[in-house]
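Enquirer: Below you'll find the structure I mean.
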Amino acid sequence: MRRWVYVVLLGVSSLFLWALLPAHAATLTLQAVGPPRPLRGPLLGASTTAFFEHLLDDPAKIAVLKTMAIGLDRFPGGSDANFYNWRTGLIDIHARPDSSPYVRFWAKAAANIARGQPSGVTLEQYAVFSRELGAQVILVPNLESSSIAEQVEWFKRLAGERLVPQRIELGNEFWVAMGNDPASLARWPDAPTSMRSMKQYLEALRPYLPANVKVAVQAAAGAVDAHQGRFGQRLRQWDEDLRPEPWFDAVTMHLYPRLRDVLGDPQAGLTPPTPANALARLQAMLARVDEGVERLLHDMERRLPGKEIWITEWNARGANPATQRGEAAEPLSPAMEMLTTTRMALVQLRHPAVTASLYFMFSFRPRDPHAMFVPDGRGSYAPVPAAAALRWLNAAAKGGGTYQRMVQAGGRPVSGGGVLAESYLPIEGGLFDAQERRTLLVQNASSTSLAFDASTLVEGRQPSRVEALVAPDLVKRERQAARIEAQDRAGPIGIPPFSLTRIVWNKGQ
């Protein structure tokens, strides 16, 4: 019966959806799992597209980003950081006849960036932008194409301006060596060689770093499941060679689960969701971003005990989609992205070792099939469902305090049905307890409507705000503004199907 109701929901309007819900929803009882973790300093954040679109000089976009409660951002970025010229503020990369397709891609991208922003983007400019957003920068120096002496000059200048951030990420994805590029592979043949190079740069930069600086090296985890053959062997060997050496504080991970890898079906990544496959796709991806990400984080905690984990790039949909007949093929709908993005963030929050998590990435570009904001018709922008969910998560975590994982009492795991035996609980929640407010986020990744009594968590105090981010249509592909529905704060709170519900108690009232 439940599956029949789900199939009907895929194509109906929200009004019809609520008409289908039972008159008396089942009662949701939440229980804590494990001890609460502290939320010290900025934790959640995002990469921006400052090189690919005008952000720093667009007041409308800045105003929207200020509402996103971004705690951390990253400069210059990912692979572009490996070829960033701090003197020009541009990406200085040129393809050779034997360059990899990835390097050739970046050479074209660098030329486009130079045409669109000929003056480049400097850290001085980006720091002003970040402060306006209320974010702290993770700086990625150029260890790929810049000499140690040149980077020392940059950091010496930044130190004189008191702009060296407190977090330094030593390069980007040397384990991928710019997509098996011969020149990059010569620089980064393996983890031990790469670690020695990273350490040499760091020792030269030390005199210009803040006293409380934290420095991260790179792990290949997260890419391992997606690759076989010699490249997959390289990634696995890279992580096998990592050691918790005292000269660094953290390790970076980039997590990009992809539907085609989760299902073991390359074609699944090239076809849009349909009423026949949407639920299976959602279940497979939820299992991967839950139990699959848990596995990767536990493995890294085991390999590098005592080190922080910085997830400086992640999303719950994988890399940009392939194109068919000139159109982007979207294997996941915006509703599915919201549900998997929410779950992946909640999984990361379970781990005290994870002290940085940056979503990749926040884009306003109208031609970007994964833009996180769409025009609102009033000269500004509105978040799509995944961005709206991240806004709630960012705001709750930025207040400090503690985070407590919450699950449904007696909840039964759902099998993902992918190539690996992975599962997830339909109901996942997080209780953020900060000085000024308490926030409960409850994700319902099922087709069942539930009712929750808020007094079971905060006795004798009515919530200050109750609202739900509802995304019942798992097939619809258009990127539209998130739909958020306010609820009556008195009485049982409805937890709609395929939704994220936020309950806030303001303290001191």
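Since every read-out is calculated from the coordinates, none of them should be taken as a lab result. Note that this is a predicted model, so its numbers are computed, not measured. Reconstructed Cβ throughout: ideal geometry from the backbone, glycine too, with neighbour counts over all protein chains shown.
Enquirer: How large is the dipole of segment 142-258 about the Cα centre if only Lys and Arg carry +1 and Asp and Glu carry -1, each at its Cβ, rounded to the nearest 20 debye?
Expert: Details: 14 positive and 15 negative charges, 30 e Å.
About 140 debye.
Enquirer: Here's something else I'd like to know. Give, rounded to the nearest 20 debye, the magnitude of the charge dipole that segment 238-349 has about its Cα centre when Lys and Arg contribute +1 at Cβ and Asp and Glu contribute -1 at Cβ. Intermediate values should be presented prior to the final figure.
Expert: Numbers: 12 positive and 17 negative charges, 74 e Å.
In debye, rounded to 20, segment 238-349 gives about 360.
Enquirer: Counting C-alpha atoms alone, how compact is segment 357-409: give Rg to one decimal and Dmax as a whole number, in angstrom.
Expert: 14.4, 45
Enquirer: A follow-up question, please. Can you tell me the relative contact order of the chain? Whole percent, Cα pairs under 8 Å, sequence separation 6 or more. Please list the in-between numbers first.
Expert: Numbers: 1036 pairs, mean separation 92.7, N = 509.
Reported as a whole number, the value is 18 percent.
Enquirer: May I ask which residue of W188, A482, A284 lies farthest towards the positive end of the charge dipole of the chain, with charges of +1 (Lys, Arg) and -1 (Asp, Glu) on Cβ and the Cα centre as origin?
Expert: Going by the charge dipole, the pick is A482.
Enquirer: So, one more: What does the charge add up to near I93, with Lys and Arg as +1, Asp and Glu as -1, over the other residues with Cβ less than 11 Å from its Cβ? List each step's numbers first, then the result.
Expert: Working: positive: R96, R104, K108; negative: D80, D92, E144, D181.
Residues close to I93 contribute a combined charge of -1.
Enquirer: Nearest-5 percent of antiparallel DSSP beta bridges in the chain? Display every interim value, and only then the final one.
Expert: On the way: 48 of 77 bridges.
Just about 60 percent of them are antiparallel.
Enquirer: Only counting other Cβ atoms within 10 Å, I'd like L163, L500 sorted with the fewest neighbours first.
Expert: Numbers: L163 17, L500 31.
Ranked by crowding around the Cβ, least crowded first: L163, L500.
Enquirer: Given the chain, what count of lysine pairs have C-alpha atoms under 20 Å apart, with each pair 8 or more places apart or on different chains?
Expert: Details: K66/K398; K156/K199; K156/K214; K199/K214; K199/K307; K214/K307; K214/K398; K398/K507.
Taking the Cα cut-off of 20 Å, the pair count is 8.
Enquirer: So, one more: Calculate the tail of P(r) for the chain: the fraction of all Cα-Cα distances greater than 30 Å, expressed in %. Walk me through the numbers before you get to the answer.
Expert: Working: 61293 of 129286 pairs.
Tail fraction, whole percent: 47.
Enquirer: Here's something else I'd like to know. Local charge sum around L474 (other residues, Cβ-Cβ under 11 Å, Lys/Arg +1, Asp/Glu -1)?
Expert: On the way: positive: R281, K476, R477; negative: E337, D473.
Its environment carries a net charge of +1.
Enquirer: How would you order 404-410, 80-86 from highest to lowest mean count of nearby Cβ atoms within 10 Å? All intermediate terms of the calculation are to be shown ahead of the outcome.
Expert: Numbers: 404-410: 16.3, 80-86: 22.4.
Highest to lowest by the protection proxy: 80-86, 404-410.
Enquirer: How far is it, in nm, from the label point at F105 to the one at D265 when both lie 7 Å from their Cα along the line to the Cβ?
Expert: Label at F105, label at D265, 2.5 nm between them.
Enquirer: Counting helices only, and only those DSSP H runs with n ≥ 4, report the 222 nm mean residue ellipticity of the chain as the sum of -39,500 (n - 2.57) divided by its residues, in deg cm²/dmol to the nearest 500.
Expert: Working: 15 runs with 156 residues, N = 509.
Rounded to the nearest 500, the figure is -9000 deg cm²/dmol.
Enquirer: Please report, in debye to the nearest 20, how large the charge dipole of the chain is about its Cα centre when each Lys and Arg carries +1 at its beta carbon and each Asp and Glu carries -1 there. Before the final figure, lay out each step's value.
Expert: Values: 56 positive and 49 negative charges, 97 e Å.
That gives the chain a dipole magnitude of about 460 debye.
Enquirer: Which net charge results for the neighbourhood of T355, defined as the other residues with beta-carbon distances under 11 angstrom from its beta-carbon, given Lys and Arg at +1 and Asp and Glu at -1? Provide the component values of the computation, followed by the final result.
Expert: On the way: positive: R37, R40, R167, K214, K307; negative: D249, E308.
That works out to +3.
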